[in-house]
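Structure record follows, encoded as structure tokens.
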Amino acid sequence: MIAPVLACTDTALSTPRVLSQLPLFPLETVLFPGGVLPLRIFEVRYLHMIEQCRKAGTPFGVVSLVQGSEVRRPGVPADSFHPVGTLARISHFEAPQPGLMMVDCVGTERFRLSSSHQLANGLWMGDVELLDADALTPVPEDLKRTSAALGQLIETLREQHVAENRFPILAPLQLDDCGWVANRWCEVLPLPLSLKHNLMALESPLVRLELVADVLAKAHPADQRPE
């Protein structure tokens, strides 16, 4: 289903950085690398997509909607979506009844759309360029409070005995890494969809975490006072 195009170096073939004919799933959410995404699938176009991806062991792309709807309905404007998305790998699959799939996915690599088109059955396909993963960036001293607050939130969720398969944050925890901390905060904070997309698309994990810290400081100014 997905055709990789290999990028060449002077000495050898590198990891494929371009994917052609990637099936796309436009959603009213943003999937971050390392994030979890539960899906309830019932539309024919996506039932077929999930079945093909599951059998082939290939990902699909999650892109966030600018306009349109997750489910096709008469009178809804045509789909348009943000240019940067994330590959989703199926981690759990159930089909409790015909015409219904319950799927858990994990975000892997970010990508930028080069082009997209819609098939006759309504499924979007895209040619994409894979983006570099966040560089491992230690959390600086002035942002450790933001990291510690995320750790406290995770502990609170554990104390509420959230089921393992429904826990919103995957192990292992990486509370000393800017990108991981920023991504997890972006997932749980009630931010506008466009802002979440823009944060996810940022190249610098440090800048992403700084912006998240600013959001938290405005929402809870007393919690951000220096000790």
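Since every read-out is calculated from the coordinates, none of them should be taken as a lab result. Just so it is clear, the model here is predicted, and its values are computed rather than measured. Reconstructed Cβ throughout: ideal geometry from the backbone, glycine too, with neighbour counts over all protein chains shown.
Figures for the structure shown
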read-out	value
nm² value of the averaged projected area, convex hull over the Cα atoms of the stretch 3-130	8.3 nm²
Farthest toward positive dipole pole in the chain [+1 Lys/Arg, -1 Asp/Glu at C-beta], among Pro96, Ala135, Leu195	Pro96
Added length on full extension, which subtracts the Cα-Cα distance from 0.36 nm per residue, Leu173 to Ser194	4.9 nm
Label selected from (i) 114; (ii) 233; (iii) 149, the criterion being volume of the Cα convex hull per residue in Å³ as computed here	(iii)
Amide hydrogen neighbours beyond the local backbone of Leu175, cut-off 5 Å, H modeled	none
Residue order, fewest to most surrounding Cβ atoms within 10 angstrom, among Val103, Val139, Val30	Val103, Val139, Val30
Rounded to the nearest 20 debye, dipole of the stretch 55-200 from Cβ charges on Lys, Arg, Asp, Glu	440 debye
Among Gln118, Gln152, Gln160, residue whose mean-square fluctuation peaks in a GNM of the chain (springs only between Cα atoms under 10 Å)	Gln160
Added length on full extension, which subtracts the Cα-Cα distance from 0.36 nm per residue, Asp142 to Glu70	22.0 nm
Residue with peak Gaussian network fluctuation, the chain [Cα springs, cutoff 10 Å], from Ala217, Ala171, Ala201	Ala171
Net charge of Cβ neighbours under 14 Å - reference Leu130; Lys, Arg +1; Asp, Glu -1	-2
FRET E, pair Ala120, Arg166, Förster distance 30 Å, beta-carbon r, rounded to 0.05	0.25
Gaussian network model of the chain, springs between alpha carbon atoms under 10 Å - residue of Pro190, Pro26, Pro168 with greatest fluctuation	Pro190
Mean Kyte hydropathy of -1.0 or more with a Cα span along the axis of at least 15 Å, helices from DSSP in the chain	44-56, 144-159, 178-188, 205-219
